[in-house]
Amino acid sequence: MMDWVHHLILLPVLLPLACGAALIPLHMSRHRFKFAVSMGVLLAQVGVALALMVLADTEYWPQGIGVYLAANWAAPFGIALVADRLSALMLLLASVIGIAALLFSLGRWSRVGVHFHSLFQFLLMGINGACLTHDLFNLFVFFEVMLGASYGLVLHGYNVARIRAGMQYIAINLVASLLFLIGLAMIYGTAGTLNMADLAGRVAHLGSDESQLLRVGIAVLAIAFLTKSAMWPLGFWLPTTYSAASPPVAAMFVLMTKVGVYVILRIWLLVFSAESGAAARFGYEALLWGGLLTVGFGSIGMMASEVPGRLAGYAAIVSSGILLSVIGYGQASLVAAGLFYLLGSTMAIAAFMLLIELIERIRTPGSSLLAVTMEAFGIEDAPGEPVGVGIPGSLAFLGLGFAGCAMAIAGIPPLTGFVGKFAMFHALLQPGPAEAGISPVAWIFGGLVIASGMAAIISFMRFGVRTLWAQGAVLPPRLLVSEAAPITILLVLCIAITIAGGPVFAYLGRTSDTLHQPAEYVERVLGATTIPGPQVPAQAGAGQ
Amino acid sequence: MEAVISIGIGVLFGSGIWLVLRPRTFQVITGLLLMSYAVNLFIFLMGRLWEDLPPIVGDGPVDPALHADPLPQALVLTAIVIGFATTALYLVVMIGARGLTDTDHVDGEEPGA
């Protein structure tokens, strides 16, 4: 029995797809209409994500796992979409960051190139699909949708810096996609399935040769995700690309690194859990130490950054590194804390990406950065300086916004970064009853997290003092409401999840509990029943 | 048979890696193409090598040993389409970079310039 509520799982993919496709034929001059449609669809996505969250968190679906069998093919033969607490959370995060980035782009960014709104919706479709799908090949397809849109968006507002960064970004991601395919082929060749739950069920029963090959396959696959989530030494492309991309796009890219982390979290907890026989706990060490090295690399990078865009890029690398180490550490209570940190750090870094452009206006009141773009793109009617109602006290807003972002990223109370890191320390210092004491790794982990926070404080303070407290002619820049609002929304949300820390942590705790019971996924996904088709008259049926 | 195909894929992929590491965009895109050919063959090979077996199951009881695995064939089709599209997109970016920077170096500037 399948009622209409089940079809909600498909909406986060269908809505942006339909919206993006519908906006293509509309001419650029109708950008306000395009914006209104995009924003409407994004608000609908928030609604759907919230609904899925409620459905997953109440007892509507057994074990909080909703399974949607695409085209009514039973898993593992067809593609299954799975909505659980983690997917719903990622969908919500994606649509919130999407709203902020889209609102910011209203001022002028959506007009410096064609098809911004369509590409934006396709990017969201890829991200949403990657968060929902439970089939590895389908995951590849959604990743390619996401990357294809991101290639277009990174070049949006075409100038030399973007095209240089874009070339390298595209080349690296094409190679990573090829590795993704090799990994997929090896997994299929050894385990004979690409459904994640089916794979998790089979991995314990493989022969030793096949199990070995499967692990090689998944390791190759992981290189593709780790390139996206910028683990050292695969993340050198990130700061250049992020600082070259236009601000709304950069904000969305911050989210894309987290999609890489999400996939690692999903696959590793499902396939390489403690119950998976010879392959149990495979690769956790590599994730842990790789993550820690990434934190170190990102911290050094932050200290060395002169340009705010690179600073934000390295902050994103640090945040990825911490999350990868959290997964690699392999402790259930730590995962909940890590997810909280993921929420807070993604929103804070995205807000900072948006804020950078506004801060730059203090230094370069003219839109010198855009001049090249306009020329290359042949736009005569340059949007140039944003027109519309400016907000008063723009300098005060910039200062406060900057302080808020810096505090949330560095982890100073009372903002989210602090709560997330504090929860991580709490989990690290309270290992489960099985462990004898606190392992040296926990101390290294904790130390590195604190050191990275320190590096963030130093580099953000340096940037803030040089820019906002600078002497000389500081002209209060013109800010639009549509540019200030998204940053405010993101920072207010950061504060809100801190204040509502209790319920949020309870939800994340349940999320992490479900993730640590892979057997339930296997049971739910493979046990999902198809709807019986209409009755075929007996004489017309094949001779089975 | 297996050895020939494996060596073929290895040579293709190896040449691809070498070309991708070269400094000119044309070499990079040729390398990407070679690598994607190798990967497509590799996916195809993961259905194992069969001779003269149909991939589609007909009516009646089915003996899997008498049929080729159809899934890798479906996968490789999708992979070819996606790989083709993304490579074509890269080609456009490459031409754009050539036009804007007046060089075909991957860094967008001549070394030492």
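Values in this text are rule-based calculations from the coordinates and carry no lab data. Treat the numbers as computed from the prediction; the structure is a model and nothing was measured. Glycine gets a Cβ as well: all are built from the backbone with ideal geometry, and neighbour counts include every protein chain shown.
Annotation: amide H of B:GLY108 has no partner in the under-5 Å range at sequence separation 5 or more or interchain, hydrogens built in the peptide plane.
Summarising the label geometry, the points placed 7 Å from Cα in the beta-carbon direction at A:VAL465 and A:GLN63 lie 5.5 nm from one another. Dipole of the protein assembly as shown computed with +1 at Lys/Arg Cβ and -1 at Asp/Glu Cβ about the Cα centre; of A:ALA403, B:LEU71, A:ILE300, farthest Cα towards the positive end is A:ALA403. Bridgeable lysines around A:LYS228 (alpha carbons under 16 Å apart, same-chain partners fewer than 8 residues away excluded): A:LYS258. Of the residues A:VAL492, A:PRO12, A:GLY290, the one whose Cα sits farthest towards the positive end of the charge dipole of chain A is A:VAL492 (charges of +1 on Lys and Arg Cβ, -1 on Asp and Glu Cβ, taken about the Cα centre). Packing here is the average count of other Cβ atoms within 10 Å per residue, and on that basis the peptides A:21-28, A:446-453, B:39-46, highest first, run B:39-46, A:446-453, A:21-28. Once the convex hull of all Cα atoms in chain A is built, its volume per residue stands at 155 Å³. Each of A:ALA280, A:MET347, A:ALA130 was placed along the dipole of chain A (beta-carbon charges, centred on the mean Cα), and the one lying farthest toward the positive end is A:MET347.
Average partner chain C-beta neighbours within 10 Å, per residue of A:221-231? Before the final figure, lay out each step's value.
Values: counts 0, 0, 0, 0, 0, 0, 0, 0, 0, 0, 0.
Other-chain Cβ atoms within 10 Å of each residue's Cβ, averaged: 0.
Rounded to whole numbers, the Karplus 3J(HN,Hα) couplings from phi for segment A:344-358 are x, 5, 5, 5, 5, 5, 4, 4, 5, 4, 6, 5, 3, 5, 5 Hz, using 6.51 cos²θ - 1.76 cosθ + 1.60 with θ = phi - 60°, and x at Gly and Pro. Approximating the spin labels as points 7 Å out from Cα along Cα→Cβ, the B:VAL62-to-A:ALA21 distance works out to 2.9 nm.
Can you figure out the FRET efficiency of B:SER6 with A:LEU43, using R₀ = 56 Å and their beta-carbon distance, to the nearest 0.05? Before the final figure, lay out the partial values.
On the way: r = 53 Å, r/R0 = 0.94.
So the FRET efficiency works out to roughly 0.60.
What the phi angles of segment B:80-91 give under the Karplus curve with 6.51, -1.76 and 1.60, with θ = phi - 60°, is a coupling list of 5, 4, 5, x, 4, 5, 5, 5, 4, 5, 5, 4 Hz, glycine and proline written as x.
Axis of helix B:25-45 versus longest Cα principal axis of chain B: the two differ by about 10°, to the nearest ten degrees. A straight line joining the Cα centroids of segment A:1-75 and segment A:172-191 runs 28 Å. Estimated at 0.36 nm per residue, the fully extended path between A:ALA36 and A:ILE458 surpasses their Cα-Cα distance by 147.9 nm. The H on the amide N of A:GLY66, modeled in the peptide plane, is under 5 Å from the matching H of A:ALA83, A:ASP84, each at least 5 residues off or on a different chain. Under the criterion of Cα pairs below 8 Å and six or more residues apart, the relative contact order for chain A equals 18 percent. A straight Cα-to-Cα reach below 16 Å connects A:LYS34 with none of the lysines, residues fewer than 8 places away in its own chain not being considered.
Please give the calculated 222 nm ellipticity per residue for chain A, where each DSSP H segment of at least 4 residues contributes -39500 (n - 2.57) and the sum is spread over every residue; nearest 500 deg cm²/dmol?
On the way: 20 runs with 379 residues, N = 544.
That calculation yields -24000 deg cm²/dmol at 222 nm.
Ranking request for peptides A:292-305, B:71-84: highest mean number of other beta-carbon atoms within 10 Å first, then the rest in descending order.
Working: A:292-305: 21.1, B:71-84: 17.8.
Those peptides, ordered most packed to least, come out A:292-305, B:71-84.
For A:ALA204 and B:GLU51, a Förster radius of 30 Å and the Cβ-Cβ distance give a FRET efficiency of 0.30, rounded to the nearest 0.05. Under a crude label model (7 Å from the Cα following the beta-carbon direction), how far is B:ILE80 from A:HIS516 in nanometres? Going from the B:ILE80 label point to the A:HIS516 one covers 4.7 nm.
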